[in-house]
Amino acid sequence: MHDKPEPDPATRERQRRLVLDALPVGEVARDAAVTVVHEIARYHRHGAEQVQAELMSVLTPVLAMLREARDASPGEREAFAAFGALRAQQGIGLEPFLEATRLTTRRAFDALYARARTTASPEVGMELLRDFWAACDQVSAEMIQGHRERELAHVQAAQEQRTLLLWQLLTGELPAGWLPSAATALGLDLRAEYRVCHARPDEGHDVAAVERALRPHTVVVLAEPGAQRVIALADGRPPASFGLPSGVGEPRPLARLRESLAQAERGSELAAAFGLRRCVSPDELPLHSAVLTLPQVGERLAERCFGHTSGERRATLVRTVDVYLAADANADRAAAALFVHPNTLRYRIRGLTATTGLDPARTEDALALWWAVRHLEARDHGAN
């Protein structure tokens, strides 16, 4: 037996056209539309005629690509992407969209295969089927990209809307009549009270890291990379520690969140100023707040208490006084915390008293020393 010779180019071209001209594209689109609307839940509300017309807008250029044995043109690629975007706009998710594409592709392939078997040589038939799948790959890639881009744009628009609503709530700029719809959009209870949490990035944390830290403990998060801060709402319970300097306000109803925001911002300022890696309420540290409010007083006290020394000696003395006061003037406990002998600590304190006249055992002097230490601490953190 001798193998049949392959068709010459002219015969090959003629057979391709015969197959494609006989392809019932309208019938394929109609059958696919009926199946899609019937079998895929997300398409149930779409009419079969509408879906058929939309499928024809894809099948027609695919047929042209096969007739001309070419890839999709730039205009066709844009049209395929627009088709995917349309499905996203219609609320059809990527998974049901791909299932509908699979059903349609299967109908088209069956019709093409049936025509190729009766109208063309095996070589031409295989060539057509190969070109068909190559075209389907191009079409699917463009449609998926268009679908994803539209879904992403929708998500971003929704997030921007939520961000605007939350910001208006926090600043008191939301019109009173919009409060119920804003609460629904943000997933908040109109009757509940919420605490505002406020945090800024510090060393080792950027805005994204701060947002991740707050999210498990809060119900709504607003990240502002431009302002270098993250604001969140927690339910009425005190939030857990976030492991970074942050502030929290008192519980307030939605219409009065701006009050809680002001408290949270102040608490965050205090936490950052004094290196407190936890959530701080402004009422929790009234003296710390006074230190920040009166930097000139702190500067005078720092000069009085520690102006006689500098450099490493000054840092050691400040640390010693801080730990000594925190230990309620107990030399043994303070020495243990500093890893020095108690006599060493007593020597340092006696030297301070001899030089400055300040005795940590006296309440007024202890307060002056504490204020000076806190002022220097805040200044080191850039608060003063």
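With all protein chains kept in place, the per residue accessible area of the chain amounts to 54 square angstrom at a probe of 1.4 angstrom. 3J(HN,Hα) couplings calculated from phi for the range 337-349 with the Karplus curve 6.51 cos²θ - 1.76 cosθ + 1.60 (θ = phi - 60°) are, in sequence order, 5, 8, 6, 10, 6, x, 5, 5, 5, 4, 4, 5, 5 Hz; Gly and Pro show x. Compared with the dominant principal axis of the Cα atoms in the chain, helix 74-89 is inclined by about 60°. Amide H to amide H, with H built 1.01 Å from N, F242 comes under 5 Å of C279, counting only residues 5 or more places away or on other chains.
When a 1.4 Å probe is rolled over the protein heavy atoms, the share of accessible surface on the range 293-384 that falls to carbon and sulfur comes to 51 percent. Within the full protein context, the accessible area of E95 is estimated at about 150 Å² for a probe radius of 1.4 Å. Classification of the range 69-122 by its C-alpha gyration tensor yields an oblate form. The axis ratio a/c (a ≥ b ≥ c) is 1.5 or more, and b/c is at least a/b.
Taking the longest Cα principal axis of the chain as reference, the axis of helix 9-21 is set at about 80 degrees. Using just its DSSP H runs of length 4 or more, each adding -39500 (n - 2.57), the chain gives a mean residue ellipticity at 222 nm of -22000 deg cm²/dmol after division by all residues. In the chain, Cα pairs under 8 Å separated by at least six residues give a relative contact order of 11 percent. Can you tell me the orientation of helix 25-39 relative to the chain, as the angle in degrees between its alpha-carbon axis and the longest Cα principal axis, to the nearest 10? Helix 25-39 and the main axis of the chain meet at about 50 degrees. Prolate is the label for the chain, because a/c, from the alpha-carbon gyration tensor with a ≥ b ≥ c as root eigenvalues, is 1.5 or above and a/b exceeds b/c. For the range 8-55, the share of accessible area belonging to carbon and sulfur comes to 53 percent (1.4 Å probe, ligands and nucleic acids excluded).
The values are calculated or read from the model by the stated rules, or taken from the named source; none is laboratory data. From a predicted model like this one, the values you see are computed outputs, not experimental measurements. Each accessible area value is taken on the protein alone, full model and side chains, heavy atoms only, with ligands, DNA and RNA left out. Shrake-Rupley method; radii C 1.70, N 1.55, O 1.52, S 1.80 Å.
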